[in-house]
Amino acid sequence: MYVAVKGGEAAIANAHRLLADRRRGDRAVPAITLEQIVEQLSLSVDRVMAEGSLYDGELAALAIKQARGDVIEAIFILRAYRTTLPRFGYARPVDTGAMLVERRISATYKDLPGGQLLGPTFDYTHRLLDPALAETGEPAPPATRPAGDEAMPRVSGILAGEGLIEEDGALPQDHRTGDLTREPLDFPMQRDLRLQALARGDEGFLLALGYSTQRGYARSHPFAGEIRIGLVEVELDVPELGFAVTLGRIRVTECQMVNQFQGSAKAPPQFTRGYGLVFGQSERKAMAMALCDRALRARELGEDVTAPAQDEEFVVSHCDNVQATGFVEHLKLPHYVDFQAELDLVRRMRREVEEARAAGAADREAAE
Amino acid sequence: MSATANLATYNFAYLDEQTKRMIRRAILKAIAVPGYQVPFASREMPMPYGWGTGGVQVTAAVIGPDDVLKVIDQGADDTTNAVSIRAFFQKVARVAVTTRTAEATIIQTRHRIPEAPLAAGQVLVYQVPIPEPLRFLEPRETETRKMHALEEYGLMHVKLYEDIARHGHIATTYAYPVKVEGRYVMDPSPTPKFDNPKMHMSPALQLFGAGREKRIYAVPPFTRVESLDFEDHPFEIQRFDAPCALCGSTGVYLDEVILDDRGGRMFVCSDTDHCESRRAAEPAAQTPAETLR
């Protein structure tokens, strides 16, 4: 019997109630606190802050808790909050050269001013499940050393001394930095907007694209010139004061890829750069971003555009996981009106085919 | 907790006034150039992209405290996403809502145009997933914008012609392309082509919002909207063999409802308000649900 699709409101309310129950899980287990998420799931928090484009660990932790640990859902929640916040100004570019460095490695130099500093990395850990972590024991405190005064110049600066690497981005003097979240997208894009899109782009998508460039789809001969993670100061120019005010420190991961470049009509042979900068500690994302950034500069550098990673419209239109997840998942919504139209068409076309076949058979019989 | 204490405070209709102003400007431009897709700085909404964020932003930008809102999805007021969007505006704008087409000042819709003719002063807001009618012929935005600018729609006509050559008729049943006021080819959103004639010379203002794709376009009242066709293959809408099994309406769009696992099915109005109004007006017209076949 036909049952009208009534009661949508009650169904939704009940679904959300069940969701809240499942989110809480077994009441005998203590509820996880935001502090625990911030402290112990900090790389999840970092990813949500980075792709949510909002630097607030507590809110990111809340979003993660609300999303039951679904990181993309948490990013979405954070974005929807961020978009309602008023803009009171744009910070000055952060100076990553003055970073309070926690980790800094270069794959292009054995040693360099400031040294190599491994920091809190998974690198060189053996990926063996550690049963000790299931217990409650506390780890030993980290080893420390007195803070040195030694400067830690960026590798790009060292190479630039010889003129072997391109300068920092060459946008015109009067170029006003765009804001992806406040202006409609327009192709072709400038590199500033493209980097904004990549910075909030999905880690997995950029990882796969970056990987594709290493496997020959827009091969760009990259070296990890430098990766550094640490705290940088955020400064804001306050017009009334006439000088910049420090708002605070944020943790960022910066990656500078150094890429071979044969030279073109416009530029001599030199190393070019791909750039990645991400909130928090996220080396994988920063490296993938740098690979994609370099690949996307193909047009600017006069290279052939042959691979997906070089295709600006393709990459930028599809790298946002909030957009992607929404549109993929909207297929869950009812489409029965359109499906009815298609049903009607397929039935009609089948009828026509059957009629034609019957007519053909009749003709043959008549001919015999 | 830093910002969480203030989380509950949002502006009327959710969007801040600066954003509304930006969207209204885009809407005004869209009305001035019927059928042209105006880029706008679409915001992240608290519902997912692809679930009506464009329509919600347009509605949020035009709605006032005195408006009466109707939200439909697939023609029905009680489909889950329509319920969710209606509840959103009840919450953030505290406006009156209705399911009656005639009572609404703003109707937000996904996939249908109501059966009852719209009147002057009403605004129909469409949720649009892919605003570009040429997208499936040419995936690049840079190219399609050029094609619109040059009024270069040959590709679309070739596609329709190839349909006729292959099937004997045009094999597009929904999101059937239209030409607006003799200039821009426009995607009517994925409404069945059955609804296309309702857009033509409508006294209501028709606004289209595509959030993920960041485009707004419009058909002002009393604007020509012609479905693309050929002289020897004129545009036709779907026809249903049987009337609505609940209210007996003919000449309306019907949904097929499966009744059992033996091929039993019935056809009922997709527009639930239309169906209910007819049944309320003429209880005698109600026929018992009958299984076809």
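Per-structure values
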quantity	calculated
Every pair of residues 6+ apart whose Cβ atoms lie under 7 Å, when the first sits in segment A:13-33 and is assigned by TED's automatic domain parsing to the domain that holds A:ARG68 while the second is outside any helix (DSSP H, G or I)	A:ARG23/A:ARG68; A:ARG24/A:ALA31
Pairs, first surrounded by 10 or more Cβ atoms within 10 Å (Cβ to Cβ) in segment A:121-139, second of a type in the set (Lys, Arg), C-beta under 8 Å, six or more apart	A:THR121/A:ARG103
Residue check, B:MET147 at negative phi, touching a residue at least 60 places away in the same chain (Cβ under 8 Å) and away from chain A (no Cβ under 14 Å)	no
Checking A:GLY148 against (1) under 29 Å from B:GLN18 (Cα atoms); (2) of a type outside the set (Ser, Thr, Tyr); (3) without any contact (Cβ under 8 Å) to a residue 12 or more places away in the chain, the condition it does not meet	(1)
Every pair of residues 6+ apart whose Cβ atoms lie under 9 Å, when the first sits in segment A:317-333 and is within 9 Å of chain B (Cβ to nearest Cβ) and of a type in the set (Asp, Glu) while the second is outside any helix (DSSP H, G or I) and surrounded by 19 or more Cβ atoms within 10 Å (Cβ to Cβ)	A:ASP320/A:ARG200; A:ASP320/A:GLY201; A:ASP320/A:ASP202; A:ASP320/B:TYR49; A:ASP320/B:ARG212; A:GLU329/B:PRO48; A:GLU329/B:GLY50; A:GLU329/B:TRP51
Enumerated strands (runs of 3 or more DSSP E) restricted to segment B:168-260, each holding at least 1 residues that are over 30 Å from B:GLU282 (Cα atoms) and of a type outside the set (Phe, Trp, Tyr)	B:178-180, B:184-186, B:205-210, B:215-219, B:225-227
In segment B:165-199, residue surrounded by the most Cβ atoms within 10 Å (Cβ to Cβ) [restricted to those that are hydrophobic (A, V, I, L, M, F, W, C) and more than 14 Å from B:PHE136 (Cβ to Cβ)]	B:PHE194
Among the residues listed as B:THR53, B:THR79, the single one being of a type in the set (Ser, Thr, Tyr) and touching a residue at least 40 places away in the same chain (Cβ under 8 Å)	B:THR53
Segment A:129-183, residues that are assigned to a helix (DSSP H, G or I) and not assigned by TED's automatic domain parsing to the domain that holds A:SER106	A:PRO131, A:ALA132, A:LEU133, A:ALA134
Every residue from segment B:212-265 that is among the aliphatic types (A, V, I, L, M) and either without any contact (Cβ under 8 Å) to a residue 60 or more places away in the chain or farther than 20 Å from B:PRO114 by Cβ (or both)	B:ILE216, B:VAL225, B:LEU228, B:ILE237, B:ALA242, B:ALA245, B:LEU246, B:LEU254, B:VAL257, B:ILE258, B:LEU259
Which numbered condition A:SER317 misses (of (1) closer than 30 Å to A:GLN196 by Cα; (2) surrounded by fewer than 17 Cβ atoms within 10 Å (Cβ to Cβ))	(2)
From A:ARG357, A:ARG273, A:ARG350, residue being basic (Lys, Arg), within 14 Å of chain B (Cβ to nearest Cβ) and over 28 Å from B:THR53 (Cα atoms)	A:ARG350
Count - residues of segment A:185-213 that are touching a helix residue (DSSP H, G or I) at 6+ places or on another chain (Cβ under 9 Å), part of a helix (DSSP H, G or I) and among the charged types (D, E, K, R)	3
Verdict on A:VAL278 being more than 14 Å from every other protein chain (Cβ to nearest Cβ), under 27 Å from A:SER156 (Cβ atoms), under 26 Å from the mean Cα position of the chain (by Cα) and not in a loop (DSSP other than H, G, I, E, B)	yes
All positions within segment B:155-174 that are aliphatic (A, V, I, L, M) and either without any contact (Cβ under 8 Å) to a residue 24 or more places away in the chain or more than 12 Å from chain A (Cβ to nearest Cβ) (or both)	B:LEU155, B:MET156, B:VAL158, B:LEU160, B:ILE164, B:ALA165, B:ALA171
Some residue of segment A:299-310 being part of a loop (DSSP other than H, G, I, E, B) and either among the basic types (Lys, Arg) or facing chain B (nearest Cβ under 9 Å) (or both)	yes
So A:TYR217, is it in contact (Cβ under 8 Å) with a residue 40 or more places away in the chain and either touching a His at 6+ places or on another chain (Cβ under 9 Å) or not in a strand (DSSP E or B) (or both)	yes
Within segment B:49-132, strands (runs of 3 or more DSSP E) holding 2 or more residues that are hydroxyl-bearing (Ser, Thr, Tyr)	none
Scope segment B:175-215; condition of a type in the set (A, V, I, L, M) and at the interface with chain A (Cβ under 10 Å from one of its Cβ atoms); matching residues	B:ALA175
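For every residue, the table says whether it meets (1) surrounded by fewer than 18 Cβ atoms within 10 Å (Cβ to Cβ); (2) within 14 Å of chain B (Cβ to nearest Cβ).
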| residue | (1), (2) |
| --- | --- |
| A:GLU166 | no, no |
| A:GLU183 | yes, yes |
| A:GLN196 | no, yes |
| A:ASP202 | no, yes |
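Condition check ((1) surrounded by fewer than 16 Cβ atoms within 10 Å (Cβ to Cβ); (2) within 12 Å of chain A (Cβ to nearest Cβ); (3) of a type in the set (D, E, K, R); (4) in contact (Cβ under 8 Å) with a residue 24 or more places away in the chain) across all residues:
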position	(1), (2), (3), (4)
B:LEU15	no, yes, no, yes
B:LYS20	no, no, yes, yes
B:ILE23	no, yes, no, yes
B:ALA26	no, yes, no, yes
B:ALA32	yes, no, no, no
B:GLY35	no, no, no, yes
B:VAL38	no, yes, no, yes
B:ALA41	no, yes, no, yes
B:PRO48	no, yes, no, no
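The values are calculated or read from the model by the stated rules, or taken from the named source; none is laboratory data. Here the structure is a predicted model, which means the values were calculated and not measured. Using ideal geometry, Cβ is built from the backbone for each residue, glycine included, and neighbour counts are taken over all protein chains shown.
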